[in-house]
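Read the structure below first, then the notes.
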Amino acid sequence: MFSFKTVSFLSIHTHITSTPLLWLFCPINYRQHVRYNFFNCTCHFTMTPRNGVKDKANIELNKLITNSPNGFSASSSGEEISGELYNESIQYCCKLGDIDKAMSILAQMEALGFRPNSISYASLLEALASVGRTLEADSIFQEMVYVGFKPRLRFYNILLRGFLKKGLLGLAVRVLAVMEEMGIAKSQETYEILLDYHVSAGRLDDTWLIINEMKSKGFQLNSFVYSRVIGLYRDNGMWKKAIGIVEEIREMGLMLDKQIYNSIIDTFGKYGELTEALQVFEIMQKEGIRPDIMTWNSLIRWHCKAGDVAKALELFTEMQEQGFYPDPKNFITIISCLGEQGKWDMIKLNFENMKYRGHGKLGAIYGILVDIYGQYGRFNDPEECVSALKLEGLQPSVSMFCILANAYAQQGLCEQTLKVLQLMELEGIEPNLVMLNVLINAFGIAGRQMEALSIYHLMKGSGISPDLVTYSTLMKAFIRARKFDKVPEIYKEMESSGCTPDRKARQMLQYALMVLEQRH
């Protein structure tokens with residue numbers, strides 16, 4: 001089982017003693033004392049507002065908002081703040097991403113007897129859900145209902161997207177059940193939220209259930225839906241069928257847009273059909289559709305995977321000439337390929353070229369990532385990396401933490417990966433499914449498969465639904481450890497959870513079964 005002696009998971013959360021799993025789904029900063037009962041669960045939590053964060057609102061609001069610890073109290077003329085101004089301030093803080101300030105103003109507003117309006121409630125729900133603070137979003141929703149608001153479909157969609165983003169499938173299902181009880185019909189957006197989740201999780205059957213329900217309800221299958229279906233076929237090894245959907249789209253009279261082109265290019269790239277991918281790329285541009293960052297990322301990634309680093313670098317340069325900022329993940333892929341070939345001078349040259357093009361702040365991130373891979377050997381501690389980012393005036397994001405954690409995980413550096421999770425939590429960002437998958441991968445590469453398995457059980461116990469990546473990474477960990485008997489068990493759990501195994505998962509199962517048969 002997971003060894004707390006070798007590397008203590010609780011060391012990340014020393015303030016939790018009796019309930020070590022709560023950190024996975026409790027937000028860092030809570031509202032004032034609220035009791036709510038949502039989806040058959042009752043929670044109590046308390047918030048102590050942080051000291052006032054300097055507000056970045058417009059000049060008019062700044063005249064009325066002071067720097068006191070409790071938010072703001074009175075206007076410069078000595079008059080009490082109106083409910084309308086409270087609402088405007090909450091909405092503006094949410095727009096700026098200063099959620100703690102918005103929650104502090106909300107607490108003060110309610111203490112004075114005011115209630116937020118529907119726009120403020122929507123702003124708070126969206127802001128909280130976007131950063132994974134789902135319990136607080138949940139409490140805001142329940143407060144709305146309690147004070148007499150009748151939430152519209154938009155509010156349910158916000159909650160649904162927030163829960164699914166964190167992998168909380170059980171709570172998302174309950175949201176849909178409540179919608180049905182209230183007589184609120186699903187919209188196109190609702191279906192697209194569900195479709196996006198099931199495709200990302202590799203749930204083939206559930207995806208088709210959603211599509212068939214959309215058809216029966218008379219909803220139009222647009223480019224978003226088709227692009228996700230193409231991606232689903234691609235991930236399940238049915239790339240020819242994925243390309244066949246293009247003919248279906250043409251027959252329906254729909255124009256191929258950027259989303260569909262990107263899906264086709266990615267499908268060709270994944271299965272090594274790079275010539276075809278580049279041809280589609282040219283057709284796309286001839287038809288007047290400008291490639292976006294996803295198009296470039298896909299082409300660069302698959303050329304790197306195929307070992308054609310020269311073409312990947314050519315595309316990487318062309319992308320920057322088109323005015324796109326380089327993607328850190330792509331840069332990691334490129335330097336990994338160059339590193340394997342020992343071409344450190346090429347890495348340095350491309351790094352300098354990026355800085356020359358004016359990507360100063362992004363260059364700082366890339367410099368740190370390069371150091372992690374060992375070229376310069378300056379940043380062995382993730383805390384040093386985050387400090388260096390802040391010195392450059394950059395605020396680490398969820399994506400940045402995932403990249404840092406993955407960089408360490410690829411080398412099997414479990415302690416450093418765990419440290420990234422700790423730093424992530426200190427920044428007020430909740431660990432999500434992606435981060436936990438990265439941690440499983442780190443333990444797997446380091447040959448600590450039982451600890452990887454413990455993270456998997458921790459996820460399930462915390463209500464986070466494992467996805468296709470989780471199961472595939474676990475299977476790979478046990479194959480590395482030559483514990484082949486465990487692979488069929490994991491595969492069976494993957495199927496029973498509703499995840500459709502992709503080609504890679506099926507190949508790992510076949511390999512494990514072959515070895516077991518030879519042993520017997």
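The values are calculated or read from the model by the stated rules, or taken from the named source; none is laboratory data. Not measured: the values here are computed from a predicted model. For neighbour counting, all protein chains shown are included, and Cβ atoms are generated from backbone atoms with ideal geometry for every residue, glycine included. What goes into the accessible areas is simple: the full protein's heavy atoms, side chains included, and nothing from ligands, DNA or RNA. Shrake-Rupley method; radii C 1.70, N 1.55, O 1.52, S 1.80 Å.
The residue pairs whose first member lies in segment 491-520 and is without any contact (Cβ under 8 Å) to a residue 60 or more places away in the chain, whose second member is among the polar types (S, T, N, Q) and outside any loop (DSSP other than H, G, I, E, B), and whose beta carbons are closer than 8 Å, counting only pairs six or more residues apart or on different chains, are 504/472; 505/472; 508/472.
Would you say residue 202 is buried (at least 22 other Cβ atoms within 10 Å of the Cβ) and outside any helix (DSSP H, G or I)?
Values: buried (at least 22 other Cβ atoms within 10 Å of the Cβ): yes; outside any helix (DSSP H, G or I): yes.
So residue 202 fits the description; yes.
Considering the conditions (1) within 23 Å of residue 201 (Cβ to Cβ); (2) open to solvent by less than 60 Å² (accessible area, probe 1.4 Å); (3) modelled with pLDDT under 90, residue 289 is excluded by exactly one of them, (1). Applying a threshold of 7 Å to beta carbon distances and a minimum spacing of six or more residues, or different chains, the list of pairs starting in segment 181-209 at a residue that is more than 14 Å from residue 497 (Cα to Cα) and ending at one that is open to solvent by 30 Å² or more (accessible area, probe 1.4 Å) and assigned to a loop (DSSP other than H, G, I, E, B) reads 188/219; 191/219.
The set of residues in segment 132-161 being open to solvent by 50 Å² or more (accessible area, probe 1.4 Å) and in contact with a helix residue (DSSP H, G or I) (Cβ under 7 Å, 6 or more places away or on another chain) consists of 149, 154, 161.
A quick yes/no check of all residues on (1) within 22 Å of the chain's Cα centre (by Cα); (2) surrounded by 17 or more Cβ atoms within 10 Å (Cβ to Cβ):
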| site | (1), (2) |
| --- | --- |
| 460 | yes, no |
| 467 | yes, yes |
| 471 | yes, yes |
| 477 | no, yes |
| 480 | no, no |
| 491 | no, yes |
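Can you name every residue in segment 162-197 that is in a loop (DSSP other than H, G, I, E, B) and open to solvent by 60 Å² or more (accessible area, probe 1.4 Å)? Quick ask: steps written out before the conclusion?
Restricting attention to segment 162-197, the residues satisfying the condition of being in a loop (DSSP other than H, G, I, E, B) are 166-168, 182-187.
Listed by number, the residues that qualify are 182, 183, 185, 186.
The set of residues in segment 238-247 that are in contact with a helix residue (DSSP H, G or I) (Cβ under 9 Å, 6 or more places away or on another chain) and either open to solvent by less than 30 Å² (accessible area, probe 1.4 Å) or without any contact (Cβ under 8 Å) to a residue 12 or more places away in the chain (or both) comprises 238, 240, 241, 242, 244, 245, 246.
Quick check: is even one residue across segment 212-231 touching a residue at least 60 places away in the same chain (Cβ under 8 Å) and crowded, with 22+ Cβ neighbours inside 10 Å? No - not one qualifying residue is present in segment 212-231.
If the condition is being farther than 14 Å from residue 269 by Cβ, part of a helix (DSSP H, G or I) and within 25 Å of the chain's Cα centre (by Cα), then segment 282-319 contributes 293, 316, 319. Taken over segment 424-483, the criterion of being part of a helix (DSSP H, G or I), farther than 15 Å from residue 508 by Cβ and of a type in the set (Lys, Arg) is satisfied by 460 alone.
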